[in-house]
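Asks: First the structure, then my questions, so here it is.
Bear in mind these aren't lab numbers, they're just calculated from the coordinates by the rules spelled out. Keep in mind that what you see is a predicted model, and the values were worked out from it rather than measured. Neighbour counts run over all protein chains shown; Cβ positions are idealised from the backbone, glycine included.
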Amino acid sequence: MRTTIVAIAALSLAAAAFAQTDYSKVEIKVTKVSGNIYMLEGAGGNIGVSAGEDGIVIVDDQFAPLAPKIRAALKGIVDKPIKFVLNTHYHGDHTGGNEDFGKEGTIIAQTNVRKRLASGTSVAGRTTPPAPKSALPVVTFDDKVSLHFNGEEIRAVHFPHGHTDGDAVIYFTKSNVVHMGDDFFNGNYPFVDQANGGSIKGLTADVEQVLATLPDDVKVIPGHGKLGDKASLRAFLDMLKGTTAAVQSAIAAGKSLDEIKAANVLAAWDSWGTGFIKPERWLTMLHAELTAK
């Protein structure tokens, strides 16, 4: 129960922050990653783009009010239609543009993403109604699915119980690029949606498994943060393991949550606490999961 309450509180903070965003002032930044692959930054989750002769695939689509700006940015890359939309998970800062972009391209996501979008959610008094039909994934998969598009295989692989229970990591196999969704916050503590199938333990295992598949010169698009590489993803994994071990050690020594906070056991990782998940909240999430029955 404590784990769920902590996750809900963190999700509510994030939702409140995004609700206050003035979308008219958001600019979409375009970064060429490698080959046909680009990254778009705006508000919400980073968008991955495959742009080429066959058209456009986008990975995630941020918020509905940003759709015109995202379209303009895409047209600046290549004047081609959107053929597919891949969702890395169900959160609104990654799927808010589905209703708009789904009118043009086929939406694809892991099975649990469609279930959560279709049913709607209610978190700490903040209710998100069921998504309209046009915003729902048309194609779903349990384990993995591949698109053969713009001269390469674009492979979506389900990694369970990480950020949520519906996470997909997207591999652009020829371009040597991977989009991690919110299984990777580059340089910040992550939000782990423990109320909806996510877990810090699962996230750690997922990141470790992905790292084992990546070449040293890979480019890594995070769900949030600047464009990364294998070293930055490994640093993220090291942080997950290190902070977990520090809190676990304090628990094993019989310290209470308040005593662990007072001891500042995560001081070595304070630089990771500059995002919306602050050090105390990350510590509390770790403690809740590690002491859950």
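Asks: Would you mind pulling out the separation of the Cα centroids of the range 51-78 and the range 141-199, in Å?
Replies: After rounding, the separation between the Cα centres reads 19 Å.
Asks: Here is a further query. How large, in Å, is the range 13-162 by the Kirkwood hydrodynamic radius built from its alpha-carbon pairs? Intermediate values should be presented prior to the final figure.
Replies: On the way: mean 1/r = 0.0637 Å⁻¹.
Here the Kirkwood hydrodynamic radius works out to 15.7 Å.
Asks: By per-residue mean of other Cβ atoms within 10 Å, what is the highest-first order of 181-189, 162-170?
Replies: My ranking of the peptides, most packed first, is 162-170, 181-189.
Asks: Explain nothing, just the number: dipole magnitude of the chain about its Cα centre with +1 on each Lys and Arg Cβ and -1 on each Asp and Glu Cβ, in debye rounded to the nearest 20.
Replies: Details: 29 positive and 32 negative charges, 77 e Å.
With Lys and Arg at +1 and Asp and Glu at -1, about 360 debye.
Asks: Convert each backbone phi in the range 83-98 into a coupling constant with the Karplus relation 6.51 cos²θ - 1.76 cosθ + 1.60 (shift: θ = phi - 60°), then list the ³J(HN,Hα) values in order as whole Hz, x for Gly and Pro.
Replies: Computed from phi, the couplings for the range 83-98 are 9, 9, 10, 9, 9, 7, 5, 8, 4, x, 7, 10, 10, x, x, 4 Hz.
Asks: If the chain between Lys32 and Ala235 were fully stretched, how many nm would it gain, using 0.36 nm times the residue separation less the Cα-Cα distance? Numbers along the way, then the final one.
Replies: On the way: separation 203, 0.36 × 203 = 73.08 nm, distance 2.31 nm.
So the extension gain works out to 70.8 nm.
Asks: Full-extension gain between Ala72 and Val139, please, as 0.36 nm times their residue separation minus the C-alpha to C-alpha distance. Each step should come with its number before you reach the end.
Replies: Numbers: separation 67, 0.36 × 67 = 24.12 nm, distance 2.62 nm.
In short, 21.5 nm is gained.
Asks: For the range 198-280, what is Rg from Cα atoms divided by 2.2 N^0.38 Å, rounded to two decimals?
Replies: Details: Rg = 14.5 Å, N = 83, 2.2 N^0.38 = 11.8 Å.
Cα Rg divided by the expected 2.2 N^0.38 Å: 1.23.
Asks: Explain nothing, just compute: Karplus ³J(HN,Hα) = 6.51 cos²θ - 1.76 cosθ + 1.60, θ = phi - 60°, for every residue of the range 59-74 in order, whole Hz, x for Gly and Pro.
Replies: 10, 6, 8, 6, 10, 3, x, 8, 4, x, 5, 5, 4, 5, 5, 5
Asks: Suppose a student asked you for the relative contact order of the chain, using Cα pairs under 8 Å spaced at least 6 residues apart; what percent would you report? Let's see the in-between values first.
Replies: Values: 598 pairs, mean separation 46.4, N = 293.
Relative contact order comes out at 16 percent.
Asks: Let me ask something else about it. Note down the net charge around Ile82, summing +1 for each Lys or Arg and -1 for each Asp or Glu among other residues with Cβ under 9 Å from its Cβ.
Replies: Working: positive: Arg71, Lys80, Lys83; negative: Glu104.
Computed value for this residue: +2.
Asks: Also, quick follow-up: Over all Cα pairs of the chain, how is the pair count split among 10 Å bins, expressed in % and running from 0 up to the last occupied bin?
Replies: 6, 30, 36, 21, 6, 1, 0
Asks: Something else about it: Once amide H atoms are built 1.01 Å from N in the peptide plane, which residues 5 or more positions from Gly45, or in another chain, come under 5 Å H to H?
Replies: HN-HN under 5 Å from Gly45: Gln62, His94.
Asks: What area, in nm² and to one decimal, does the C-alpha convex hull of the range 56-145 cast on average over all directions?
Replies: Values: hull surface 23.2 nm².
Dividing the Cα hull surface by four gives the mean projection, 5.8 nm².
Asks: Quick check: the angle from helix 2-19's long axis to the longest principal axis of the chain, C-alpha only, nearest 10 degrees?
Replies: So the inclination is approximately 40 degrees.
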